[in-house]
Amino acid sequence: MNEFLAPINEMGLPAPIWFLKLFKVLGFVLHLCMMNLWYAGMPLAAILSLTAEGDTRRIGERMVMYMPIIVALGINFGIVPLLFIQTLHYSLYYPTGILIAWPWLSVIVLLMFAYYGVYIYTTQVKNNNITKIGKISVWISAVFFILIGFLFANNFSLLVNKDEWLRIYEQTNVAGAVTGFALNLQDASLLPRWLFMIGLSVMTTAVYLIIDSVFFAKNETDNYRNTVRKFSLKLYLVGLIWAGTTSAWYIFGTFSRDLLDAIKTDPIVHGLFVITGLSAIVPLVIMIIKKQNFTKATAWLLGGFQFLVLTFNVLSRQWVQDFSIAKIVDLNRELVVTQWSSMIPFLLTFVIGAAVIFWMLKKIVGLKSMS
Amino acid sequence: MHYPWWYVDVITAPMLIAIIATIHVYVAMYAVGGGMILAYETGRAYRNLREDTLDYLRSHLKFFIWLTVVFGAITGVGIWWTISLASPLATEALIHIFVFGWAMEWVFFIIEIIAAFIFYYYWGKLDPKTHTIIGWIYGVSAWMSLVLITGITSFMLHPGNFIQDKEFWTAFFNPQTIPQIFSRTGGSILLAGLYFFLHASITVKDPEFLRRIERRIAKWAIFGAAFTLIGGILWFIYLPESSKAALEGAASLNILMGLVFAATAVVFFFFYLGSLKGKGLLSLGYAILLFIFGLIAVGSSEFIREAVRKPYIVYDYVYGHQIYKSEVAKAEQIGFLNFGAWTRPYVLKKYPQLADQNNMIDYQKVNDLSKNDKVKLGETLFMYHCNDCHAVKGLSGIQSITRGWKKEHIETTIIDMERIHYFMPPWSGNKIEAELLTSYIQSIQMPHPILDKENNSAQTKTEGGNHE
């Protein structure tokens, strides 16, 4: 009998494990693309609204131009990894959430305020009339998004740390039931995980600013575009150093001996980690080479490489998560009863949905090129 | 039993689900009904070259997006968050049955969001035909997400033949799906009509134009009310027997049912006689009044929907106390505390002397515990078996319910609880555990408000007499 672990669900997993992981990874990459932008972008907008002038201040304002859409899409893309993690790892996901129930539930409230803050500030930026309420809103959004990230790091580091489950349970139960007033603060991996994500987000935000200046900032001056290029290069560099330092802390400071050994001994995994680390340098190199002249093609290339950076990061994280979870629960114990009758309609819906979205976007892109 | 229980004082954890779900539904239904109305009326305004209507619809769309895309979407995520905390086993079960249903819903969410933003931000930039089509893409996607989630939530009330064949589509097209799609679609349009009234009464200044909006929206709302009525009747016809019994037997549910019908009827008649056939009544006060009636109707129906499932969370499949129906016999046999993935190690860590050679709780050794420790074990049983519905003091507070009950009465109620109250789950522990729970309830129960008072005063009198 596995103590503190739910028994196997007798319905079985509705799809093969690889299928569920594939969509989990895909969803998480898409989520990350958007989430990185509000995670670093909103604090950047808040800081620039207070400290900068002229074109540099404008960078912060442009950062939030499409933020309502980015946040909406980011939240929805985030549903996929959460859906499939619940399917795959229900025996871990539910207990960890319950152990920190109140802070975990507070994510919803924080997100509500953060998102309305985004709307208020964006509307004021668009109307060119930023009031005190707007300035407060952007700060509320920035702080709350960072807090939400902290809470996510809390839950997902707890997911793979059963010792910490038991410590929290021991300290916060009433007659064996959990009060939910706890955080996973004693987990050594918590801080580097959280801080690393901020660094990665800074890098993605820097790339986004370049893309925005090339594709969307047609009404801005050449001077503005020059400022963006220089600013983004510095920003990316800061993000890279930050992410590099915190990831080194995370890997060498908190990974267990056997986890490090597994990375070293398996050439594919070792290669994945090396590529993950090195890939982050490529966007920097592109930024340095194309410093004076960012065409649409090079902006696409830059965006594409940053997408790869995020994808490699997600794959590495997935591997670490799998390795850590395998120590707590054997995923192979699960029955797999593939639900073809619902999986096929889902895949069809997915393809048709992508086609509908493509058609809608084509209509507005066509409109822009006509004008 | 598979998961740790989240103890929320006074209101109980599952009540958080009901609170968040009701708040969410108020906006989510508007997102569906409003989407259809906006798409249709925009196309109509283009065809009739009504610039004033288009201007109004655009301003309404802004309000619509601010409310539905942010508040509606986040409270929707909030429900998902809360069910995984307050009802983890049922969530686990639903996820395993319906994961691709949810995944399909997710695709429609993404389409909805993109369509909504394009519909709003490209207003006046796209040609009317394309713009209207995008409005309809939003409307249809929103309705499809309603259909998908209704298939899942209706399954919780009536699983149909799923228990036998374990098939996704059997679960999805259960006897409650079509009735609930009808009632929710109608309710969405009706509720959206109330939001339109509220918005128009605040923003539209021209009385003639306001009257025109009132008539158009009233037609929609009446159409929605008819759908709701049909869906409501079908819903009642296809209720499982025990749900019908609960509906008939519980006074609070009777009152709520009355409220739903009364509030819907009031809204219907005002829409029909006042706004459509009459001279027009739309003002801010009128809109607020109808809106409140609408909220009462929707909120009450949501509460009834949750309540009539008892003793199940997923009918005939998962009980309210977080245990599969198929597991009850085993829990009774080995003991409820032994059965729980968290309760067994918790008890054995606290009372290691209770362990047998297989590291299971040996109930024969429980008699050696002190009275206080027995009460504490009873409290653990209360948390995991009762706290889903009963707070100690507060919502269905066990302290008050058991006022003045005698020991035998408590114990019989525990052992025979599903026979005494058919909306309660069966006792899923052994005889010794029933005694432990009894001792806990005795330790917290309040005195009988009449009998114990009389007894006390009689006793005082006797004692006083003795003194004399």
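The values are calculated or read from the model by the stated rules, or taken from the named source; none is laboratory data. Just so it is clear, the structure is predicted and the values come from calculations on it, not from any experiment. Note: ideal-geometry Cβ built from the backbone for every residue, glycine included; neighbour counts use all protein chains shown.
Observations
- Residue in the range A:167-176 that is surrounded by fewer than 18 Cβ atoms within 10 Å (Cβ to Cβ), in contact with a Phe, Trp or Tyr (Cβ under 7 Å, 6 or more places away or on another chain), at pLDDT 95 or above and of a type in the set (Val, Ile, Thr) present: yes
- The set of residues from the range B:1-38 being within 14 Å of chain A (Cβ to nearest Cβ), surrounded by 19 or more Cβ atoms within 10 Å (Cβ to Cβ) and assigned to a helix (DSSP H, G or I) comprises B:Ala13, B:Pro14, B:Met15, B:Leu16, B:Ile17, B:Ile20, B:Ala21, B:His24, B:Val27, B:Ala31.
- A:Gly253 being surrounded by fewer than 19 Cβ atoms within 10 Å (Cβ to Cβ), closer than 23 Å to A:Gln318 by Cβ and over 20 Å from the mean Cα position of the chain (by Cα): yes
- Conditions (1) in a helix (DSSP H, G or I); (2) over 17 Å from the mean Cα position of the chain (by Cα); (3) β-branched (Val, Ile, Thr); number of the one not met by A:Val25: (2)
- Among the candidates B:Leu281, B:Leu337, residue that is aliphatic (A, V, I, L, M), in a loop (DSSP other than H, G, I, E, B) and more than 20 Å from B:Tyr30 (Cα to Cα): B:Leu281
- A search for C-beta distances below 8 Å between a residue of the range B:258-271 that is touching a residue at least 12 places away in the same chain (Cβ under 8 Å) and any residue that is not in a helix (DSSP H, G or I), counting only pairs 6+ apart in sequence or on different chains, returns B:Phe270/B:Leu281.
- Test: residue in the range A:258-268 that is free of Cβ contacts under 8 Å to residues at least 24 places away in the same chain, surrounded by 12 or more Cβ atoms within 10 Å (Cβ to Cβ) and within 24 Å of A:Gly199 (Cβ to Cβ): yes
- The range B:340-358 - residue that is within 12 Å of chain A (Cβ to nearest Cβ) and part of a helix (DSSP H, G or I) and, of those, nearest to the chain's Cα centre (by Cα): B:Thr343
- Selection from the range B:397-417 of residues that are within 24 Å of the chain's Cα centre (by Cα), without any contact (Cβ under 8 Å) to a residue 40 or more places away in the chain and not in a loop (DSSP other than H, G, I, E, B): B:Ile401, B:Met417
- Test: B:Phe268 is in a helix (DSSP H, G or I), modelled with pLDDT of 95 or more and either out of contact with any Pro (no Cβ under 7 Å at 6 or more places or on another chain) or surrounded by fewer than 16 Cβ atoms within 10 Å (Cβ to Cβ) (or both): no
- Residues that are aliphatic (A, V, I, L, M), within 17 Å of the chain's Cα centre (by Cα) and within 14 Å of another protein chain (Cβ to nearest Cβ), drawn from the range B:149-172: B:Ile149, B:Ile152
- Counting only residues that are away from every other protein chain (no Cβ under 11 Å) and of a type outside the set (A, V, I, L, M, F, W, C), the range A:156-177 holds 7 of them.
- Verdict on B:Gly394 being within 13 Å of B:Gly429 (Cα to Cα) and either away from chain A (no Cβ under 14 Å) or touching a residue at least 60 places away in the same chain (Cβ under 8 Å) (or both): no
- Selection of the range B:197-214 for residues being of a type in the set (Lys, Arg) and under 10 Å from B:Leu282 (Cα atoms) yields only B:Arg211.
- For B:Phe303, the stated conditions hold: it is out of contact with any Gly (no Cβ under 6 Å at 6 or more places or on another chain) and among the aromatic types (Phe, Trp, Tyr).
For every residue, the table says whether it meets (1) over 23 Å from the mean Cα position of the chain (by Cα); (2) closer than 24 Å to A:Met34 by Cα; (3) hydrophobic (A, V, I, L, M, F, W, C).
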| site | (1), (2), (3) |
| --- | --- |
| A:Asn184 | no, no, no |
| A:Ala248 | no, no, yes |
| A:Thr276 | no, yes, no |
| A:Val282 | no, yes, yes |
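- Any hit, the range B:104-111, residues being more than 8 Å from every other protein chain (Cβ to nearest Cβ) and more than 21 Å from A:Ile70 (Cα to Cα): no
- The range B:39-53 residues that are of a type in the set (A, V, I, L, M, F, W, C), paired with ones that are surrounded by 16 or more Cβ atoms within 10 Å (Cβ to Cβ) and in a helix (DSSP H, G or I) (beta carbon under 7 Å, 6 or more apart): B:Ala39/B:Thr132; B:Ala39/B:Gly135; B:Ala39/B:Trp136; B:Ala39/B:Tyr138; B:Ala39/B:Gly139; B:Ala45/B:Thr53; B:Ala45/B:Leu54; B:Ala45/B:Leu57
- Selection status of A:Tyr93, more than 10 Å from every other protein chain (Cβ to nearest Cβ), out of contact with any Phe, Trp or Tyr (no Cβ under 6 Å at 6 or more places or on another chain) and touching a residue at least 60 places away in the same chain (Cβ under 8 Å): no
- Residue within the range B:173-195 that is facing chain A (nearest Cβ under 10 Å) and surrounded by 24 or more Cβ atoms within 10 Å (Cβ to Cβ) present: no
- Failed item, numbered, when A:Thr51 is tested on (1) β-branched (Val, Ile, Thr); (2) crowded, with 21+ Cβ neighbours inside 10 Å; (3) over 30 Å from A:Leu13 (Cβ atoms): (2)
- Scanning the range B:360-386 for residues that are within 13 Å of chain A (Cβ to nearest Cβ) and either modelled with pLDDT under 95 or loosely packed, with under 13 Cβ neighbours inside 10 Å (or both) gives a single hit, B:Asn372.
- Test for A:Ile69: is it over 24 Å from A:Gln318 (Cβ atoms), more than 14 Å from every other protein chain (Cβ to nearest Cβ) and within 22 Å of the chain's Cα centre (by Cα): no
- Scanning the range A:116-130 for residues that are of a type outside the set (Phe, Trp, Tyr) and crowded, with 22+ Cβ neighbours inside 10 Å, we see that the one that is farthest from the other protein chains (Cβ to nearest Cβ) is A:Val125.
- Of the residues in the range B:51-59, none is surrounded by fewer than 24 Cβ atoms within 10 Å (Cβ to Cβ), at the interface with another protein chain (Cβ under 10 Å from one of its Cβ atoms) and in contact with a helix residue (DSSP H, G or I) (Cβ under 7 Å, 6 or more places away or on another chain).
- Qualifying positions in the range A:192-225 - in a helix (DSSP H, G or I) and free of Cβ contacts under 8 Å to residues at least 12 places away in the same chain: A:Asp222
- Condition met for A:Trp102 (surrounded by fewer than 24 Cβ atoms within 10 Å (Cβ to Cβ), touching a residue at least 24 places away in the same chain (Cβ under 8 Å) and over 22 Å from A:Lys327 (Cβ atoms)): yes
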